[in-house]
1. List the residues whose amide H sits under 5 Å from the amide H of LEU325, counting only those 5 or more places along or on another chain, with H placed 1.01 Å from N in the peptide plane.
2. Taking the chain as a Gaussian network, Cα atoms linked when under 10 Å apart, which of LYS107, LYS187, LYS343 shows the biggest mean-square fluctuation?
3. Out of residues 5 or more away from ALA190 or on other chains, whose amide H comes under 5 Å of its own, with H placed 1.01 Å from N in the peptide plane?
4. So what J values fall out for region 234-243 if you push phi through Karplus, 6.51 cos²θ - 1.76 cosθ + 1.60 with θ = phi - 60°, rounded to Hz, Gly and Pro as x?
5. Return the whole-Å distance between the Cα centroid of region 303-362 and the Cα centroid of region 60-94.
6. Okay, helix-only estimate at 222 nm for the chain: each DSSP H run of n ≥ 4 adds -39500 (n - 2.57), divide by all residues, round to 500 deg cm²/dmol; what do you get?
7. Between ALA179 and ARG218, how many nm apart are label points set 7 Å from Cα along the C-beta direction?
8. Could you give the length gained on full extension between LYS144 and LYS69, defined as 0.36 nm per residue of separation minus the Cα-Cα distance, in nm?
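Each reported figure results from applying straightforward, stated rules to the coordinates on display, with no laboratory input. Just so you know, these numbers come straight off a predicted model, no measurement behind them. All Cβ positions, even for glycine, are placed from backbone atoms using ideal geometry, and neighbour counts span all protein chains on display.
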Amino acid sequence: MMRVALVTDGIFPYVMGGMQKHSYYLCKYLVRMGVKVDLYHTNLSSYDIHELELFSEEEKQHINSIVIKFPESDKMPGHYLRSSFKYALKIYDELKQRPKPDFIYCKGFAGWKLAIEKKLGRLNIPMAVNFHGYEMFQPAPSFKSKIEQLLLFRGPVKYICKHADFVMSYGSKINDVIASIPIPTSKIVAIPTGIEEQWLNTQIKPTESKKKFLFIGRFERRKGIEELHTALSKINDNVSFECHFIGPIPESSRLVRSNLIYHGAISDQEVIKKITRNCDIFLCPSYSEGMPNVIMEAMASGLAVIATNVGAVNLLVSDKNGYLLELKELNDLTNVINHFIVKNPSEIDLMKKHSSELIKNNFLWTSIARIHLDFFNRAVSANPTNPKQQS
């Protein structure tokens, strides 16, 4: 039976984010296939992490949960990296005291110390690292963000990726980003992410004349909220449409218009699902992304999508189910939204159907986890320190 060390900076719902949600589902579906998972994670929520609430009792039997407190730090520039390095040190201290795993899968900076051990030749277990969108190498929305990328994040990310055995990618433009680090293409492993089958909507809402748009995301510059607000503010007040926002957008940063509905941050997935299924077109005008869960969940729910062509988004969005904006076209977002506002509802219904079918046929975790496990098995078999390989 294979044993995988899943080294993370947290899993959903104890830590929120796309990377954390990917870690949660990867763990959940690996153990369903009989894999033993040593789960290294932390807690930034009010949940009791020791309960592992979102795993079944049977799934828990295959999970060895190692909870590590994320170190506190000062608020000087670089504080997150300093805390992340301390966290990586704690993870390594725990890992070396436990039974040797067959494979180590690291998320982001959590694998920092392990990469150091790899460089020094003291770690002979196959190791992969995943920074998901590798946003520090993608276009930045502002000069400040660009400086942070250059001065803080790129160096450590390059180091970790160069010394890991494998660098995980979602494919498409993410492959190009990783290759530019530079990482040899022989080390890049492209596996898309996925979502659970329960997101699939069997009763997609027919599009009405009053189109309903939806944005879901954190309040951070790279998500393009500022550009979206600018685009929406240019649409005449007498145009009939709605735009819903889910996420912690401050009151001071919201537009005051009757057809813009801000729901705030929502953690209840059923509430998010209900709002999503009541909308028609999902908006994702980000400057950088990996392969966003929110786009996949919107597509599975039966929504058309308007998104920027970044990361691996073009594996999900095309003219068959929406509109793919180049970054240089962000200033044209108003016209794109207007185009969908007046678009024939039957045309949007066809886009919605295509979205749902694309997810159903290609991006469910039941198949994505199997692809991961096949990769792990190949890597372990090829490892020269593997006893089975030596015999």
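1. ALA307, THR308, ASN309
2. With Cα springs under 10 Å in the chain, the top fluctuation among LYS107, LYS187, LYS343 is at LYS343.
3. Residues meeting the amide H criterion: SER169.
4. Using θ = phi - 60°, the values come out as 8, 7, 4, 4, 7, 7, 8, 6, 10, 9 Hz.
5. Distance between centres, Cα-based: 38 Å.
6. Numbers: 14 runs with 144 residues, N = 391.
Calculated from helices alone, the mean residue ellipticity at 222 nm is -11000 deg cm²/dmol.
7. With each label placed 7 Å out from Cα toward Cβ, I get 2.9 nm.
8. On the way: separation 75, 0.36 × 75 = 27.00 nm, distance 3.01 nm.
Gain in length upon complete extension: 24.0 nm.
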